[in-house]
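What follows is one structure encoded as structure tokens, with my remarks underneath.
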């Protein structure tokens, strides 16, 4: 369950998916991207009824449907590594430094 209204990424989603557990979440952070492969369900923010329907939907999956969604979740998360994350973070820091230097040079 990921009910955030705004999120930088949404690490709890990856943690659930790494356990082979489909997630239910709001379209914040990386949730839409992670759900696009079919490893979870997106619900409307601040809508308890929509969240409840998603819980029921997950709970009523057949064993085969659960396994398929679980495998999709796990396959999706396998593509995220710490090395990739640190490389992206480092690149973002360098970009921020370059922008700051450009701003400083203009004044």
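Since every read-out is calculated from the coordinates, none of them should be taken as a lab result. Fair warning: this is a prediction, and the values are worked out from it, not measured in the lab. Neighbour counts run over all protein chains shown; Cβ positions are idealised from the backbone, glycine included.
Some values worked out for this structure:
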| read-out | value |
| --- | --- |
| Rounded FRET efficiency, nearest 0.05, which uses the C-beta distance separating residue 50 from residue 96 and R0 of 35 Å | 0.45 |
| Rounded to 10°, Cα long-axis angle of helix 82-106 versus longest principal axis of the chain | 40 |
| Å³ per residue enclosed by the Cα convex hull of region 1-88 | 75 |
| Acute angle (nearest 10 degrees) that the helix 48-59 long axis makes with the longest principal axis of the chain, alpha-carbon atoms | 60 |
| Extension gain from residue 37 to residue 3, taking 0.36 nm per residue of separation minus the Cα-Cα distance | 10.3 nm |
| Acute angle (nearest 10 degrees) that the helix 63-78 long axis makes with the longest principal axis of the chain, alpha-carbon atoms | 10 |
